[in-house]
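Presented below is the structure to which this report refers.
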Amino acid sequence: MDTSGAYGGGKAGGAFDPQAFAQRPQVIVRAVCWLFSVIVMGCISAKGWYVSKVDQQEYCVYNDDTNACNYGVGISVIAFVAAVGFIAGEYIFDQMSSVKTRKHYVLADMGFSAFWAFLYFVGFCYLSNAWGKTESPPPGTANNMQGAIAFCFFSIFAWVACAFFAFQRFRMGAEAAFAPAYEVEGAVGSPGSFPAYPGAQDSQPTYSEPPFSHQQTGNMDYSAPTY
């Protein structure tokens, strides 16, 4: 089976073009996801924790909710690794000679991206709610905490875009898979023509006119015989 162009990828074994690869929408959006994950992870890791003067314990700035900080950092770390992995997968995708392997990759991409967009939506709601309940954040932490919330919101759309591009690839592959079933090979020239029966000696494939077409119809002049 010819796998060139299957599921929106290039021809397997083709030459690698770094410039064209960097300009792919999938690669650009993955790089944006990677950047947003670094920002969220950096904002929370740098200023998301403070040491209480009362018991000398470390607490999360988001309303002293440790789970809020852990959740934001956790989904960002996994998003960071996944973004790098999918960028590498974009390079490997064109080298995949199996249509089934490409299909599995596209389905994994679509499922993971949609799921992570949902997790970032939950994280945005969670952190926003915790920040709204924070009464007196430590000095110098507000910008980082608000920045983490903002880029959680931006990450939702970035991962939705990844899922959308994966869905487009899946649809292209599905349409290509069913297309050959409707192709007609050896079609005859005009509609209404009658193909010759198999094994006929005559090379003419169709009847140009119906039988007995040479007979005339209608009124005919009659001449009386002469005696």
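Close amide-amide hydrogen proximity is noted between TRP49 and VAL61, each under 5 Å apart and 5 or more residues distant or on a separate chain (H modeled in the peptide plane; Pro and chain starts excluded). Across segment 18-175, the mean sequence separation of Cα contacts (distance under 8 Å, 6 or more residues apart), normalised by length, yields a relative contact order of 36 percent. Counting every other Cβ atom within 10 Å of each residue's Cβ, SER45, SER98, SER37 order from fewest to most as SER98, SER45, SER37.
Anisotropy class assigned to segment 18-175 is prolate, per the alpha carbon gyration tensor with a/c at or over the 1.5 cut-off and a/b larger than b/c.
Calculate the FRET efficiency for ALA20 and ASP64 from the Cβ-Cβ distance with a Förster distance of 45 Å, rounded to the nearest 0.05. E(calc), rounded to 0.05, equals 0.35.
What the Cβ-Cβ distance of LYS53 and GLN146 gives, at R0 = 30 Å and to the nearest 0.05, is a FRET efficiency of 0.80. Going from the fewest other Cβ atoms within 10 Å to the most, the residues ARG30, ARG102 appear in the order ARG102, ARG30. Here's the picture: charge each Lys and Arg Cβ at +1 and each Asp and Glu Cβ at -1 in segment 18-175, and of ALA166, PHE36, ALA79 the one pushed furthest to the positive end of that dipole is ALA166.
Computed from phi, the 3J(HN,Hα) profile of segment 149-162 under the Karplus parametrisation 6.51, -1.76, 1.60 (θ = phi - 60°) reads 5, 4, 7, 5, 5, 5, 5, 4, 6, 5, 6, 5, 5, 4 Hz, with x in place of Gly and Pro.
Mean shadow of segment 75-144, computed from the convex hull of its alpha carbons, in nm²? Result: a mean projected hull area of 5.9 nm². Between ALA31 and CYS125, the simple spin-label model (points 7 angstrom out along Cα→Cβ) gives 3.3 nm.
Which of PHE157, THR66, SER98 sits closest to the plus end of the dipole of segment 18-175, meaning its Cα is farthest towards the positive end, when Lys and Arg get +1 and Asp and Glu get -1 on the C-beta? Result: SER98.
Values quoted throughout were computed directly from the atomic coordinates according to the rules given, and no laboratory measurement underlies them. A quick note: this is a predicted structure, and the numbers were derived from the prediction, not measured. Because the Cβ atoms are built from the backbone with ideal geometry, glycine has one as well, and the counts that use them run over all protein chains shown.
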